[in-house]
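First comes the structure, then the notes that go with it.
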Amino acid sequence: MAVSFLANEVSDLCIGKPAVRSLPLSAAAGDLAAALRRVARSGAAACVAVTGPARAVVGRVGLADVLCFLCTDPEALARPAAVFSKPVSALLPKDGAGEVRRVDPRSSILEALDAVLSGAQVLAVPLRAGGRRKQLVGGGGGGGGGGAAAGDFCWLTQEDLVRYFLNSIGLFYHVAARSVSSLGLVRTDYLSVRPGESALSAVPLIRRAVATETAVAVVTEDGHLVGEISPALLAACDETAAAAIATLSAADLMAYVDYFGSPPEHILRAVKAGLKDKGLDAMLALIEDETLSSFSSASSSSDEEAAGRAQLRRPSSGSYGRRSAEEPVVCSPASSLVAVMVQALAHRVSYVWVLDEDNDCRLAGIVTFADVLRVFREQLL
């Protein structure tokens, strides 16, 4: 069993995976926003690959990246429609965070694991043209259809690797039942913000959460976890959530995301009042425009795009791993490694918050998939 475990290739983890939708570096940000809406409606992972010459993968962009860009670019909130004519390359992180690394489908699982543990956020695995793998609806840059086209690739994520190890957890029985605290998996250097702090001040933290596959904890002064701001939950919104980030507190932003599409009236009034106070009339007009037609001025004006704009305020909750109104996923320091893995995979998150039951359930830290995978790599040594 151990021999077969080590003999598996990366391609074994890619069976049935959809080809990734991609855009060139020169594409407009408006095209990216439209592509993200199509991907979200298809039920695929809510992110798009950015490719350079010869379709080399240079990055991965999701709605959280778009929102952070809108909130940090000096002219974005003042002239949101104009910003969407900028190239996609402007949205890619400048510090190399969130690295995408291409791996050969014949690479071993250990090689893929080492790539992730050495800094790659996600792996791009070429799909073999004409092979058994089939694209899902809304998959690759081309059409639907049967086998993968030449040049298509899929994502291999930390979640895929953790699920692979869970399926062979019997080989690691000596660590599977140990507590996450005894394994040293409870990180105390988590990202956090106070409920009353400006959501805008959390944008750098949201960027880091995107790069580390985690989230920003919203924590009270006395250390209690009241919620989180995660890239996955922001992906259930649309571009207008930038207005909420720019005007609301962290606690109110959580409420806005939880009820996106029909936020509480007092939250909506706060967003509009904040935009008016800041003189962001263009964004205010956009919030009040139910069709949001201005956001697509830099992208295609086809019938398909018109239909996409009409559905922009009604994202499918089934397109994302978690429903926005769910509570953060938590465990205790005494939780076993295997229990935390099952819990995270069941909720489609790559981290679990740790609450200390001996300290009035205050937030003690976070367990991440990256650290879980590091435990398995050490065992394989």
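Give the separation of the Cα centroids, segment 247-287 to segment 163-187, in Å.
43 Å
In whole Hz, what ³J(HN,Hα) sequence does segment 186-197 give by Karplus (6.51, -1.76, 1.60; θ = phi - 60°), x for Gly and Pro?
8, 7, 9, 8, 7, 7, 8, 8, 7, x, x, 6
So how do 193-204, 239-250 stack up, highest first, on mean other-Cβ count within 10 Å? It would help to have the intermediate numbers written out before the result.
Numbers: 193-204: 17.8, 239-250: 24.9.
Peptide ranking by packing, descending: 239-250, 193-204.
Got a sec? What order do H266, H224 fall in by accessible area at 1.4 Å, biggest, i.e. largest, first? Spell out each step's value before the answer.
Details: H266 110, H224 45 Å².
Descending accessible area places them as H266, H224.
Please give the Cα centre distance for segment 323-381 versus segment 203-223, rounded to the nearest Å.
Answer, in whole Å: 15.
Highest first, please rank the peptides 114-125, 179-190, 208-219 by the mean number of other Cβ atoms sitting within 10 Å of their residues. The partial results should precede the final answer.
Working: 114-125: 19.4, 179-190: 16.8, 208-219: 22.4.
Per-residue mean Cβ counts within 10 Å order the peptides as 208-219, 114-125, 179-190.
So what are the ³J(HN,Hα) numbers for segment 269-281, from phi and the Karplus equation (6.51, -1.76, 1.60; θ = phi - 60°), rounded to whole Hz, Gly and Pro as x?
Each residue of segment 269-281 in turn: 5, 5, 4, 5, 5, x, 5, 5, 5, 7, x, 8, 5 Hz.
Round to a whole number: what % of the accessible area of segment 208-289 belongs to carbon and sulfur, probe 1.4 Å?
For segment 208-289, the apolar C and S fraction of the accessible surface comes to 52 percent.
The values are calculated or read from the model by the stated rules, or taken from the named source; none is laboratory data. Because the structure is a prediction, the values reported are computed rather than measured. Don't worry about glycine lacking a Cβ; one is built from the backbone with ideal geometry, like all the others, and counts go over all protein chains shown. Areas reflect the complete protein model, heavy atoms only, side chains present, ligands, DNA and RNA absent. Shrake-Rupley method; radii C 1.70, N 1.55, O 1.52, S 1.80 Å.
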